[in-house]
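What follows is a set of notes on a single structure, which appears directly below.
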Amino acid sequence: MTKKIGNPADTPVEVYHWWHDRWCEYLNSNYKDKFVETGLAGLTCTERSPDAPDGSGGLSYTFATDGSVRFIPTDDSADAICEYDSYELGIRCLGDPNTNAGEHIKAGRFRMVKSPEVFAMMMPIQPLMREAFRVAIEDAEKEFDVELPKYW
């Protein structure tokens, strides 16, 4: 029987890490050249949320010089840092093309703590990030027999 997860913060840790790895794998197989083109190569980003499923308080990732992306231990010295009031909000901003992050920024629920211009560099590739997110979530659902929250 498929286990339904209602709140993204309740995602089992194993599933959480698996889908992030799958997300990177998909991006690296299909779009790493886009990260170089947008100037992201060599940069690190940290996204904080107090209720991240693994209890770490967020996640960090880096773009290698060849454009490949991978997750790294949470890094408070990252080139760019943002904070979400909840993991759900971060997932919603990633998954739902109709979510207006600007409204959440104005309301103080989504904060650009350091180098918002780096996150702005990601806006043109947001559809590619969202595509990889969908693939990773769908693959994780099959792999772990769960139904994860979706925002697409």
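The values are calculated or read from the model by the stated rules, or taken from the named source; none is laboratory data. Since we're looking at a predicted model, the values are computed, not measured. Cβ placement follows ideal geometry from the backbone for every residue including glycine, while neighbour counts extend to all protein chains displayed. The accessibility values were calculated without ligands, DNA or RNA, using every heavy atom of the protein model including side chains. Shrake-Rupley method; radii C 1.70, N 1.55, O 1.52, S 1.80 Å.
Odds and ends about this structure:
- Ranking F71, F110 by solvent-accessible area of protein heavy atoms (1.4 Å probe, all protein chains present), from largest to smallest, gives F71, F110.
- Net +/- balance of residues flanking W152 in space, Cβ distance below 12 Å, scoring K and R +1, D and E -1: +1
- With both residues required to sit in the chain, DSSP beta bridges show an antiparallel share near 70%.
- Surface accessible to a 1.4 Å probe, per residue, for the residues of the chain, Å²: 49 Å²
- Each Cα pair under 8 Å and six or more residues apart adds its separation to the average, and for the range 1-71 the resulting relative contact order is 35 percent.
- Overall form of the range 38-95 per C-alpha gyration tensor (a/c, 1.5; a/b vs b/c): prolate
- A protection proxy built from the mean count of other Cβ atoms within 10 Å ranks the segments 31-40, 97-106, 82-91, most packed first, as 82-91, 31-40, 97-106.
- Potential lengthening of the chain between E143 and D85 amounts to 18.0 nm, from the contour at 0.36 nm per residue minus the alpha-carbon distance.
- The Rg/Rh ratio for the chain is 0.94, where Rg is the radius of gyration of the alpha carbons and Rh is the Kirkwood radius.
- Here K150 is the anchor, and the lysines within straight C-alpha reach of less than 16 Å, apart from those fewer than 8 places off in the same chain, are K3, K4, K142.
- Annotation: for a label point projected 7 angstrom from Cα along Cα→Cβ of R109, no residues of the range 127-145 have a backbone N closer than 14 Å.
- The chain, accessible surface, carbon-and-sulfur percent (1.4 angstrom probe): 50 percent
- Reach of K114 by Cα under 26 Å, taken over lysines that are not fewer than 8 positions away in the same chain: K32, K34, K106
- Gyration tensor (alpha-carbon) shape descriptor, the range 48-135, a/c threshold 1.5: rounded
- In terms of its C-alpha gyration tensor, the range 1-88 comes out oblate, because a/c is 1.5 or above while a/b does not outweigh b/c.
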